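Inspection log for the structure reproduced underneath, given as C-alpha cells.
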2 protein chains.
Amino acid sequence: MGDVVVHMSMSVDGYVAGPDVSEEHPLGVGGERLHEWMFVDPMDPTDARVAAEAFSTERVGAVLMGRTTLTVGLRWWGDDGTYRVPCFVVTHRPAETLVKGPTSFAFVTDGLDSALAQARAAAGDRDVNVMGAATASQLLRAGQVDRVHLNLVPVLLGDGARLFDGVPQGVDLERTGTVTSSRADHLTYRVG
Amino acid sequence: MGDVVVHMSMSVDGYVAGPDVSEEHPLGVGGERLHEWMFVDPMDPTDARVAAEAFSTERVGAVLMGRTTLTVGLRWWGDDGTYRVPCFVVTHRPAETLVKGPTSFAFVTDGLDSALAQARAAAGDRDVNVMGAATASQLLRAGQVDRVHLNLVPVLLGDGARLFDGVPQGVDLERTGTVTSSRADHLTYRVG
C-alpha cells in the first residue's frame with residue numbers, strides 16, 4: 001500500500017493559504033506567492049524536479065480533496081484536470097463523477113474516512129496525495145498522514161489557513177531529506 | 001551599525017516555545033525538544049558551527065530580552081551568564097545591573113524602544129541578538145528585525161508561543177542561506 005502524502009507550499013509563518021479563498025484567489029488573497037516557485041518561467045531546475053515528483057502519476061495513484069478545493073481550483077487545472085488520476089472529493093452534495101480527460105473527480109458523500117478508503121483502493125501501491133488545507137489538517141489531526149512535503153517559501157503571509165492547527169502535542173517527525181533551490185526550501189518528513 | 005537578529009529554534013508547526021514556560025521548563029512543556037540539536041552529545045559538526053556563530057561575541061555585541069526570559073533562563077546560563085556581552089532586560093521593575101562574570105544584565109524600565117536603542121549603542125558595529133518569543137514577536141511586528149535565523153526542528157509542538165503571530169500580511173523575506181544537519185534545517189532570512 002502507498003502512503004498518504006500532504007504536499008504543500010507553506011509560508012515561513014506556517015500558512016498554506018492566505019485569507020479569503022475564492023475562485024479568483026484559489027490560494028487566498030496574497031497566497032499566490034506560495035506557488036510562484038512552481039509557476040515562474042524559467043523554473044529553477046531543482047524546483048522543476050520537486051514539482052514533477054509531486055504530481056508524478058508513477059508515484060501518485062489518487063488524489064483526495066474537499067469540495068472547496070475543487071470549486072476554487074477546477075478552472076485553473078485545465079482541460080486535462082492536471083492530476084491524471086482518480087480524484088475523490090469530500091462533499092455533502094451528491095453529483096455525477098466529473099471527467100476532464102485523464103482525470104476524474106468522484107464526489108463522496110459519506111465522509112472523509114470513506115473518501116480516503118476509496119482513494120487508497122484506487123491508488124493501490126501508489127500514494128494518495130491530499131489537497132486543500134482543511135482536508136490535510138483534518139487527516140493530520142487524525143494521525144492518517146504518512147508523509148509531509150513542505151515547500152517553504154520566504155514570505156510571511158500573516159493570515160490565512162495553517163496546516164498544522166490542532167495537531168496533537170509533541171509529534172516527532174522523521175526528516176527524510178531537504179532540498180534547496182534558489183526560491184524555496186523543500187522539506188520532507190515521515191510522520192511518526 | 002550591526003543588525004537586529006532573531007535566532008530561534010522553531011518547530012515545524014511554528015512554535016518557538018511550548019506552553020507553560022517556567023524556570024523548570026524555560027522553553028515550555030515539551031519545548032526542550034527544540035534545543036536538543038544544541039545540547040546533544042556529540043553535536044553534529046554543522047550544528048556546532050551554527051550554534052557557535054549564533055553566540056559568537058565577534059558577531060554579537062549585545063543581547064535584548066524580556067524579564068520572563070531572564071527569570072526562566074538565568075539558572076541555566078551558568079556562572080558566566082553564557083552571553084559574555086551586555087544584556088538588556090525589558091521590565092517594569094527597576095533593579096541593579098546583575099553581573100555574571102563577563103555577562104551583565106541591565107534592567108530597562110522605559111520600554112522596548114529604549115532597551116533596543118541601548119542594546120544597539122552597546123553593540124556598536126556588531127549585532128543585537130533578541131531572545132524570547134514575546135520580545136522577538138513584538139520587534140517583528142514593529143518591523144525592527146533585520147535578520148531571522150530559524151533552526152527548524154522536526155517536531156510538531158501543537159501548542160505554545162508562535163514567533164510570527166501578528167506580523168503584517170505579505171512581508172517578503174530574502175533567503176540568505178540554508179544549512180542542513182542531521183538534526184535540523186538552519187534557515188536564514190533578511191527581512192524586507
### Query
In segment A:124-143, is there at least one residue being in contact with a strand residue (DSSP E or B) (Cβ under 8 Å, 6 or more places away or on another chain), within 9 Å of another protein chain (Cβ to nearest Cβ) and of a type in the set (A, V, I, L, M, F, W, C)?
yes
### Hey, residue B:152 within 14 Å of chain A (Cβ to nearest Cβ) and either surrounded by fewer than 19 Cβ atoms within 10 Å (Cβ to Cβ) or in contact with an Asp or Glu (Cβ under 6 Å, 6 or more places away or on another chain) (or both) or not
yes
### Message
Going by what's in this entry, would residue B:159 be described as acidic (Asp, Glu), without any contact (Cβ under 8 Å) to a residue 24 or more places away in the chain and within 11 Å of chain A (Cβ to nearest Cβ)?
### Response
no
### Task
Find the residue count for segment B:24-41, including only residues that are closer than 14 Å to residue B:69 by Cα and touching a Ser or Thr at 6+ places or on another chain (Cβ under 7 Å).
0
### Message
Looking at the structure I just gave you, is residue B:54 part of a helix (DSSP H, G or I), surrounded by 20 or more Cβ atoms within 10 Å (Cβ to Cβ) and in contact with a strand residue (DSSP E or B) (Cβ under 9 Å, 6 or more places away or on another chain)?
### Response
no
### Message
Among (1) within 16 Å of the chain's Cα centre (by Cα); (2) among the acidic types (Asp, Glu); (3) closer than 19 Å to residue A:163 by Cα, there is one condition residue A:20 misses while meeting the rest; what is its number?
### Response
(1)
### Task
Taking residue B:192 as meeting all but one of (1) farther than 27 Å from residue A:190 by Cα; (2) crowded, with 21+ Cβ neighbours inside 10 Å, write down the number of the exception.
(2)
### Message
Go through (1) more than 14 Å from chain A (Cβ to nearest Cβ); (2) modelled with pLDDT under 95 for residue B:114 and report which single condition fails.
### Response
(2)
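Do the conditions hold for residue B:13, that is, is it acidic (Asp, Glu), assigned to a helix (DSSP H, G or I) and buried (at least 21 other Cβ atoms within 10 Å of the Cβ)?
Details: acidic (Asp, Glu): yes; assigned to a helix (DSSP H, G or I): no; buried (at least 21 other Cβ atoms within 10 Å of the Cβ): yes.
So residue B:13 does not fit the description; no.
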### Task
Take segment B:92-108 and flag every residue that is touching a Ser or Thr at 6+ places or on another chain (Cβ under 6 Å), part of a loop (DSSP other than H, G, I, E, B) and touching a residue at least 12 places away in the same chain (Cβ under 8 Å).
B:94
### Task
Tell me which of these residue B:119 doesn't satisfy, since it passes every other one: (1) in contact with a helix residue (DSSP H, G or I) (Cβ under 6 Å, 6 or more places away or on another chain); (2) away from chain A (no Cβ under 14 Å); (3) buried (at least 21 other Cβ atoms within 10 Å of the Cβ).
(1)
### Message
Checking the condition of a type in the set (Ser, Thr, Tyr) and within 27 Å of residue B:166 (Cα to Cα), which residue from A:104, A:114, A:182, A:137 passes?
### Response
A:137
### Message
Considering only residues that are within 20 Å of residue B:123 (Cβ to Cβ), surrounded by fewer than 18 Cβ atoms within 10 Å (Cβ to Cβ) and touching a Lys or Arg at 6+ places or on another chain (Cβ under 7 Å), which ones fall in segment B:78-90?
### Response
B:80
### Message
Quick check on my filter: what residues within segment A:165-187 are at pLDDT below 95 and either facing chain B (nearest Cβ under 7 Å) or under 26 Å from residue A:21 (Cα atoms) (or both)?
### Response
A:165, A:166, A:167, A:168, A:169, A:170, A:171, A:172
### Query
Within the set of pairs 6 or more residues apart or between chains, which connect a residue that is closer than 30 Å to residue B:40 by Cβ and free of Cβ contacts under 8 Å to residues at least 40 places away in the same chain inside segment B:167-182 to a residue that is of a type outside the set (A, V, I, L, M) and outside any strand (DSSP E or B) with Cβ atoms less than 7 Å apart?
B:173/A:154; B:173/B:192; B:175/A:154
### Task
Report whether or not residue A:70 is more than 24 Å from residue B:162 (Cα to Cα) and crowded, with 19+ Cβ neighbours inside 10 Å.
yes
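The values are calculated or read from the model by the stated rules, or taken from the named source; none is laboratory data. Bear in mind the structure is a predicted one, so any value in this text is a computation, not a measurement. Neighbour counts are summed over all protein chains in view; Cβ atoms, including those assigned to glycine, are modelled from backbone coordinates with ideal geometry.
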